[in-house]
Every structure is written in C-alpha cells, then in structure tokens.
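Okay, structure first, notes after.
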Amino acid sequence: MRKVCVVITARPSYSRIKSALTAIRQHPELELQLVVAASALLDRYGQASQVIEGDGFDIAARVYMVLEGENLTTMAKTTGLGVLELSTVFDNLRPDVVVTIADRYETMATAVAASFMNIPLAHVQGGEVTGSIDEKVRHAVTKLADLHLVSTERAGERVVRMGELADKVEVTGCPSIDLAAEILASPSLDFDPLDKYGGVGEPLDLSRGYLVVMQHPVTTEYGQARHQANETLHAVRDLGRPTLWFWPNVDAGSDGTSNAIRSFREVEKPCNLHFFKNMAPHDFLRLIYGCQCLVGNSSVGIRESSFLGIPVVNIGSRQQGRERGPNVVDVEHRRQEIAAAIESQLAHGRYPSSPLYGDGAAGERIAQRLAERTFVTEKRLPY
C-alpha cells in the first residue's frame, strides 16, 4: 500500500484536488494521508478544513503556519515556518509520496520539506504561466518535483522545455474541472446562498440574475491592493446588479483589499452587494454557473468558468499569460473599463463549454499515476 500525503494550504487548493482525493482514497493500492495547513485552517479565510471534514475526509495533521500581517515579509516567514512544521509532519507520517498543488507560496514549503527529506514529490498544475510571484513558485516547485501532473498539453510541453524528462510529465487535466463536469449534469442552484452561508451585506433578490466577484491582491502590486479593489467596488455598485463578492485570500495586500471592502460598505452603503468568506466546492460552482458574469482576477474565471461557459471579466495582471478560453475579457483596474466589459459580457451571454483544462476525469488519472509510478530517490534512514 503506497502512502500518498496530500497537503492543502488554502481554500482554492481543496477544489483543485478534491476529485483526486476521492480517487486516491478509493484506490486499492493507495492510502490517503491528508494534511491541512496555513489559511485553510483559519476562520477569517473561510476555514476550509470544516468543509473538508464535512465532505467525509479524515485530516491526518493540521499545520498552523500563517503569520499575521499579509505583507511580503510575513509571506516569506510563513513559508519558512511551513518548512519547519511540515518536516515534522512528514517525519511522523512517513509518506511514500507527497502531493503539492499549484503555485501558492505555502506550496514552496511543502516542496522544500519533501525534497530535502528524500520523499518523492508530485506536483499538480505545473508548467503554467501567470503574473505575480506565483509563476516563480510554480516553476521552482517544478524543478523540485519527481512527477508532474499538468492540466494542459502546453503546460506539459513547457515543463519538458524546463529540462524535466518527458516520461515524468503526465497531462491529466485539472481536478477542478471534474467538479465542474458534475455540476453540468445538475446545474440548478438548489440552495439560497444567503440563508445557507450568511455573509454580510444587504439581502438580495437573485431571481433575475446576479454577478460574482472574486478579486485577490497581486503580490507584486500589493501596495495598490486597496485602490484596485475600490475600482471594482465602484464599478459593480454603479451597475446596480445584485453582486455576490468573495473575501480575498491571505496573500500580501489582503489587508488592503479587506479594508477597501469594509470602508466601502460603511461609507457608500451599497444596496446591491453581499460578501461571503467561503462555500463548499459544489455549492460555489453552482453559484457561479448561475451567475451572469464572473468578475475579478481568480483562476476560477480561467479554469472552471471556461468549462462551464461563464462570461468572465478578468482584471489586471494576476492571470497574465495563462491559457484561456473565449469566455474571458481582459481589462485594467479602471472602474469605467470594468463596467463596460461587464455590460459587454452581459449582452453576449453564455459561451460554449471549452475542454481546455480537462474533460472531467483528472482525479482518476492522478490516482492511477500515483499508484503505478516508480519513484527513484535516495533510501531514507529507518528508525
């Protein structure tokens, strides 16, 4: 039985790997060891750990590693603390392979700890290009990884061009598309998001359509986070359409984005905005499937929304360079430009589904690759 340790460090990472967790747990040759860490444990970022346990997954270890401050220094220190804490967890669990996800800075801690302990490392969603610090992290993790489970053919080609062996690269698709495929089979919004998840803001009538906003700070522009959020807040407020806005992630600049939201609510008192911390993955995907337009800079607009055919207005540089479908319109952080793009997308309506990031079977492929792959590393010393 091969022990597979999957490390989840943020709420988006869970939806990015959930179908693979299920497939690993069900595979007769694999044992799932689930580690939840960093902002995935914190209430202010939605406490994804509760959602994970609610879905029936057992958590083998929790790693508290986030330092307060949401700035560049605390990001670096959080990464260092993560190396220390995850090394202890890996020493206790003794996994046969560690799986790390995407490109967050906490992912670097997972990769460094596993690599220096001679534990084979599998990297999901490598080989992609984006803005911010994320691309540097993603490519650095690629060089530390022993198996590359990429989402697209182009991403796989890029990993090979970086010097990795072609037989270590598998194009599996993105596990988040597996969840989107399940939603397409039953897409109706079968719950009231305000009743189920509460949030803050005015009660909204969603029956005639609504917008969803997911806007995070850009670490290389973190000093502009408040201004950038304000531009989007004004744009969607002035349009007057019911808007569901999700809280930002833990990256440097998060305080600026959060403060912009709080100040806007207090001063402008918008009657068409409601704010949420987090939702269970299937509920969230049903919510965005039903929206008229997704606005912001989340990769959800690039990945799941492409498959679901949701019109997207992508703002700024955070997703710069990432492969995208025809459903995405790119704009700068200017309120008039944002509003005009939203109006254009509303007039266009839904787009055809794109298989760019997968066909709905990535989780099963990942589990199978983890079971059949032979890893060659230095032998670790026994106790």
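The values are calculated or read from the model by the stated rules, or taken from the named source; none is laboratory data. A quick note: this is a predicted structure, and the numbers were derived from the prediction, not measured. Neighbour counts are summed over all protein chains in view; Cβ atoms, including those assigned to glycine, are modelled from backbone coordinates with ideal geometry.
The table below lists the values:
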read-out: Single residue of segment 325-365 satisfying the filter (among the β-branched types (Val, Ile, Thr) and in contact with a Gly (Cβ under 9 Å, 6 or more places away or on another chain)) that is nearest to VAL99 (Cα to Cα); value: VAL328
read-out: Lone unmet requirement of (1) under 24 Å from LEU165 (Cα atoms); (2) of a type in the set (D, E, K, R); (3) modelled with pLDDT of 95 or more for GLU378; value: (3)
read-out: Residues of segment 317-337 classified as more than 17 Å from PHE246 (Cα to Cα) and either in contact with a Lys or Arg (Cβ under 7 Å, 6 or more places away or on another chain) or surrounded by 24 or more Cβ atoms within 10 Å (Cβ to Cβ) (or both), total; value: 3
read-out: Any hit, segment 158-173, residues being under 24 Å from GLY301 (Cβ atoms) and touching a residue at least 60 places away in the same chain (Cβ under 8 Å); value: yes
read-out: Selection from segment 4-42 of residues that are part of a helix (DSSP H, G or I) and either free of Cβ contacts under 8 Å to residues at least 40 places away in the same chain or on the phi > 0 side of the Ramachandran plot (or both); value: ARG25, ALA38, ALA40, LEU41
read-out: Residues within segment 105-136 that are farther than 25 Å from ARG94 by Cα and either among the polar types (S, T, N, Q) or not in a loop (DSSP other than H, G, I, E, B) (or both), tallied; value: 5
read-out: Cβ-Cβ under 8 Å pairs, at least 6 apart or on other chains, segment 259-273 side within 23 Å of GLU70 (Cβ to Cβ) and assigned by TED's automatic domain parsing to the domain that holds GLY199, far side β-branched (Val, Ile, Thr) and part of a helix (DSSP H, G or I); value: LEU273/VAL236
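Residue-wise test of (1) of a type outside the set (D, E, K, R); (2) surrounded by fewer than 19 Cβ atoms within 10 Å (Cβ to Cβ).
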{"site": "VAL159", "(1), (2)": "yes, no"}
{"site": "MET162", "(1), (2)": "yes, yes"}
{"site": "SER176", "(1), (2)": "yes, no"}
{"site": "ASN230", "(1), (2)": "yes, no"}
{"site": "ARG237", "(1), (2)": "no, no"}
{"site": "TRP245", "(1), (2)": "yes, no"}
